[in-house]
1. Taking the stated definitions as given, is residue 82 in a helix (DSSP H, G or I) and within 12 Å of the ligand (Cβ to nearest atom)?
2. At pLDDT 95 or above and either within 17 Å of the chain's Cα centre (by Cα) or surrounded by 16 or more Cβ atoms within 10 Å (Cβ to Cβ) (or both): does that describe residue 64?
3. If only one of 91, 51, 5 is surrounded by fewer than 19 Cβ atoms within 10 Å (Cβ to Cβ) and under 20 Å from the mean Cα position of the chain (by Cα), which one is it?
4. Any idea which of (1) of a type in the set (D, E, K, R); (2) within 12 Å of the ligand (Cβ to nearest atom); (3) not in a helix (DSSP H, G or I) is the one residue 69 doesn't satisfy?
5. In the set 185, 166, which member is surrounded by fewer than 21 Cβ atoms within 10 Å (Cβ to Cβ) and under 16 Å from the mean Cα position of the chain (by Cα)?
6. Please return the ranges of strands (runs of 3 or more DSSP E) entirely within the stretch 99-185 where 1 or more residues are within 12 Å of the ligand (Cβ to nearest atom).
7. From 47, 19, 31, 58, grab the single residue that is part of a helix (DSSP H, G or I), among the β-branched types (Val, Ile, Thr) and either within 11 Å of the ligand (Cβ to nearest atom) or at pLDDT 95 or above (or both).
8. Counting only residues that are in contact with a helix residue (DSSP H, G or I) (Cβ under 6 Å, 6 or more places away or on another chain) and without any contact (Cβ under 8 Å) to a residue 12 or more places away in the chain, how many does the stretch 161-205 have?
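The values are calculated or read from the model by the stated rules, or taken from the named source; none is laboratory data. These numbers were taken from a predicted model, which means no experiment stands behind them. Here the Cβ positions follow ideal geometry from the backbone for every residue, glycine too, while neighbour counts run over all protein chains shown.
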Amino acid sequence: MIVAGSSQWLYYLERCRSVASDELQKIAQEVHTCKLCPLHQGRVKAVPGEGPIDAKIVFIGEGPGYHEDRQGRPFVGPSGKFLDELLALAGLQRQDVFIGNVIKCRPPQNRDPLPDEIDICTRTYLFRQIEIINPRVIVTLGRFSMSLYLPKERISRIHGQPRMINGRLIVPMLHPAAALHQPQNRPLIEADFRRLPEIMAQSEHTEQPGADDAEPPMEQLSLF
Ligand code: URA
């Protein structure tokens, strides 16, 4: 009896996983052909993001740079190399985590993303991806991704401090590029990453977020 019950449960879990995986792939395909904002005109490749559908932790950067735009993959340039080192400090590897960005296409001359670009891209893609993955912990890298969840905060004040928002622990961190360009930031970001295992363990004691309380409330988004 127990064996039959557990195998049915496993079958059910596998079906859910496969449906979620199909949905994540569908979003990636939509991203590749997206023309919802003018950024599509200048891109070589859109960068949907990548990682396992059951990742316990999601990292959100700002947007693709030169190397990401060429390869269609997130964080593959110098910031990505440093991100790999930071993940190692937290006992993590790339294959364990989902890495995405606020916007999926490289802005011209790497300029800051505009409010309308952020709004359409996150609503159409990023928040759907997060809902499917349903991570307990989200690490925002830099001020643009932090602002999705904590629009009124300053990253210099709250980096490394987890906040529970809609059932997920949001951990604002400096962007790896900030540490590359300003070496005095390096010890800060390294110390924040070293604390991630503790934060992830803490998240195990929280209830898994449900579909209804998933992404940021609309009034936060409309502040852009
Ligand atoms: N910087 C980001 O914010 N995202 C990337 O994917 C690469 C660099």
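1. Yes: the conditions hold for residue 82.
2. Against the criterion (at pLDDT 95 or above and either within 17 Å of the chain's Cα centre (by Cα) or surrounded by 16 or more Cβ atoms within 10 Å (Cβ to Cβ) (or both)), residue 64 qualifies.
3. 91
4. Residue 69 satisfies every listed condition except (3).
5. Answer to the selection: 166.
6. 137-141, 168-173
7. 31
8. Total satisfying the criteria: 2.
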